[in-house]
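**Student:** This is the structure I want to talk about, given as structure tokens.
The values are calculated or read from the model by the stated rules, or taken from the named source; none is laboratory data. All values reported here derive from a predicted model rather than from experimental measurement. Ideal geometry is used to build each Cβ from the backbone, glycine not excepted, and the neighbour counts take in all protein chains shown. Areas reflect the complete protein model, heavy atoms only, side chains present, ligands, DNA and RNA absent. Shrake-Rupley method; radii C 1.70, N 1.55, O 1.52, S 1.80 Å.
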Amino acid sequence: MLEHLKQCVYEANMDLPRYGLVTFTWGNVSGIDRETGYFAIKPSGVEYDRLTPDDMVLMDLNGNKIEGKYNPSSDTATHIELYRAFPEIGGIVHTHSPWATSWAQAGRGIPCYGTTHADYMYGEIPCVRNLTREEIEEAYEKNTGVLIAEYFKDKDYQAMPAVLCKNHGPFTWGKDGKDAVHHAVVLEEVAKMAARTEMINPRVRQAPQELMDKHYYRKHGSNAYYGQNDNE
């Protein structure tokens, strides 16, 4: 069932070690088929070099396993909450990539210091609060997703396809699993650049708003002009 989706999600998962975003099994990618409401996700704790497309676990948005020989990722409940809250997304990534996770552990959002950041993410990449003791004990993974969704309820989750969870790590999303991985790679790079920028100049300020606007909107929205037209 949904063999193409499982293949795409498998390939997206294999991109995580390829781009240096995961150590051991510290990460996962999922992708959803909105027509059926089923999503495919990496199995929990299975090493990347052992994975095959058939190992991807199919789940529904009620947390029921539809197909698969393994247990799904331990972060499945977070993915479910994000798919429910963000109807325009088709893929989600969670990693513990070192630079982005360092900002998360520091409890800081990542300011936009330059155009690399502005090309992909509009404004500061947010860091959401810790879960309370009660939220952790009640349903840790689910409440992680609820917290992220709550933060974005009045914000544009497509203009900011990334978030840091304090003392935990990053989540990114996109139109499919591959796009979500792309955002995870960008997040890690801008996290690295921002940290180095602050090392070089501790008094650095965020890039001018007009520069951020120019770089974001030349790639996004109705007036975007970066790249080639589809009909060329």
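**Student:** Can you tell me which of 155-161, 179-185 comes out highest on packing, and rank the rest after it, using the mean Cβ neighbours within 10 Å? Spell out each step's value before the answer.
**Tutor:** Details: 155-161: 16.9, 179-185: 23.4.
With the highest mean Cβ count within 10 Å placed first, the list reads 179-185, 155-161.
**Student:** Continuing with the same structure: Determine ³J(HN,Hα), in whole Hz, for all residues of segment 63-68 in sequence, where each value follows from phi through the Karplus function 6.51 cos²θ - 1.76 cosθ + 1.60 and θ = phi - 60°; x replaces Gly and Pro.
**Tutor:** 3J(HN,Hα) across segment 63-68, in whole Hz: x, 8, 7, 8, 7, x.
**Student:** How much of residue 19 can a 1.4 Å solvent probe reach, expressed as accessible area in Å² and rounded to 10?
**Tutor:** 110
**Student:** Also: Around residue 38, which amide H atoms from residues at least 5 apart in sequence, or from another chain, sit under 5 Å from its own amide H, with H modelled in the peptide plane?
**Tutor:** Long-range HN contacts for residue 38: 33.
**Student:** With a 1.4 Å probe and all protein chains kept in place, how much accessible area does residue 6 have, in Å² rounded to the nearest 10?
**Tutor:** 10
**Student:** Follow-up question, since we're still on this one. What accessible area per residue, rounded to a whole number of Å², is obtained for segment 23-88 using a probe radius of 1.4 Å?
**Tutor:** For segment 23-88, the solvent-accessible area averages 47 Å² per residue.
**Student:** Test of understanding: in a Gaussian network model of the chain with alpha carbons linked when under 10 Å, which of 63, 221, 107 would top the mean-square fluctuation ranking?
**Tutor:** Comparing 63, 221, 107 in the GNM, the peak value goes to 221.
**Student:** Let me ask something else. At a Förster radius of 45 Å, what calculated FRET efficiency corresponds to the Cβ-Cβ distance of residue 36 and residue 140, to the nearest 0.05?
**Tutor:** Taking R0 as 45 Å, the efficiency between residue 36 and residue 140 is 0.95.
**Student:** A follow-up question, please. Rounded, prolate or oblate: which one fits segment 120-232, using the alpha carbon gyration tensor with axes a ≥ b ≥ c (rounded when a/c is under 1.5, else prolate when a/b beats b/c, else oblate)?
**Tutor:** oblate
**Student:** In sequence order, what are the phi-derived ³J(HN,Hα) couplings for segment 157-167 according to the Karplus relation 6.51 cos²θ - 1.76 cosθ + 1.60 with θ = phi - 60°, rounded to whole Hz, with x for glycine and proline?
**Tutor:** 6, 8, 6, 10, x, 7, 8, 10, 9, 3, 6
**Student:** Another one. I want to make sure I understand the PRE zone here: with the label point 7 angstrom from the Cα of residue 69 toward its beta carbon, which residues in segment 20-53 have backbone N atoms less than 11 Å away?
**Tutor:** Within reach of a label on residue 69, which here means backbone N under 11 Å from a point 7 Å along Cα→Cβ, segment 20-53 contributes 52.
**Student:** What share of Cα pairs, in percent, lie more than 14 angstrom apart in segment 133-184?
**Tutor:** Here the tail beyond 14 Å accounts for 58 percent of pairs.
**Student:** Report which label in (1) 141; (2) 166; (3) 110 holds the value of volume of the Cα convex hull per residue in Å³ derived from the coordinates of this structure.
**Tutor:** Correct label, based on the coordinates given: (1).
**Student:** Which distance in nm do the two modelled labels at residue 155 and residue 129 give, with both placed 7 Å along the Cα-to-Cβ direction?
**Tutor:** 1.4
**Student:** Follow-up. I want the antiparallel fraction of DSSP beta bridges within the chain, as a percent rounded to 5. Numbers along the way, then the final one.
**Tutor:** Values: 25 of 27 bridges.
Counting DSSP beta bridges with both partners in the chain, the antiparallel share is about 95 percent.
**Student:** So what are the ³J(HN,Hα) numbers for segment 35-48, from phi and the Karplus equation (6.51, -1.76, 1.60; θ = phi - 60°), rounded to whole Hz, Gly and Pro as x?
**Tutor:** Rounded to whole hertz, the list is 5, 8, x, 9, 10, 9, 8, 4, x, 6, x, 8, 5, 4.
**Student:** Could you give the distance between the Cα centres of segment 52-77 and segment 167-232, to the whole Å?
**Tutor:** Spelled out, the Cα-based centre of one part sits 30 Å from the other.
**Student:** What net charge is computed for the residues neighbouring residue 73, neighbours being all others with C-beta under 11 Å from the C-beta of residue 73, Lys and Arg scored +1, Asp and Glu -1?
**Tutor:** Spelling it out: positives minus negatives among the neighbours equals -1.
**Student:** Still on this structure: Full extension from residue 116 to residue 222: what is 0.36 nm times the residue separation minus their Cα-Cα distance, to one decimal in nm?
**Tutor:** 36.1 nm
**Student:** Using the Cβ atoms and a cut-off under 12 Å, what net charge is assigned to the surroundings of residue 144, where Lys and Arg are +1 and Asp and Glu are -1?
**Tutor:** Taking every other residue near residue 144 into account, the sum is -3.
**Student:** Would you work out which of 168, 106, 94 lies farthest towards the positive end of the dipole of segment 71-181? Charges go on Cβ: Lys and Arg +1, Asp and Glu -1.
**Tutor:** So the residue we want is 106.
**Student:** With unit charges on the beta carbons (Lys and Arg positive, Asp and Glu negative) and the dipole taken about the Cα centre of the chain, which residue among 212, 185, 27 sits farthest to the positive side?
**Tutor:** Working it through, the farthest residue towards the positive pole turns out to be 212.
**Student:** Give the peptides 202-215, 162-175 in descending order of average Cβ contacts within 10 Å, highest first.
**Tutor:** Details: 202-215: 12.4, 162-175: 22.7.
Order by mean packing, descending: 162-175, 202-215.
**Student:** In square angstrom, what is the accessible area per residue of segment 125-190 with a 1.4 angstrom probe?
**Tutor:** 47
**Student:** What's the magnitude of the charge dipole for segment 1-145 around its Cα centre, counting Lys and Arg as +1 and Asp and Glu as -1 at the beta-carbon? Answer in Debye, nearest 20.
**Tutor:** Value, rounded to 20: 260 debye.
**Student:** Right, next: Could you tell me what percent of the accessible area of segment 1-113 is made up of carbon and sulfur, with a 1.4 Å probe and every protein chain present?
**Tutor:** Carbon with sulfur: 47 percent of the solvent-accessible area.
**Student:** Can you send over the solvent-accessible area of residue 80, 1.4 Å probe, protein chains only, in Å² to the nearest 10?
**Tutor:** 10
**Student:** Count the net charge of all other residues whose Cβ sits under 13 Å from the Cβ of residue 212, scoring Lys and Arg as +1 and Asp and Glu as -1. Intermediate results must be reported in sequence, preceding the final value.
**Tutor:** On the way: positive: 205, 214, 218, 219; negative: 119, 124, 210, 213.
Taking every Cβ under 13 Å from that of residue 212, the sum is 0.
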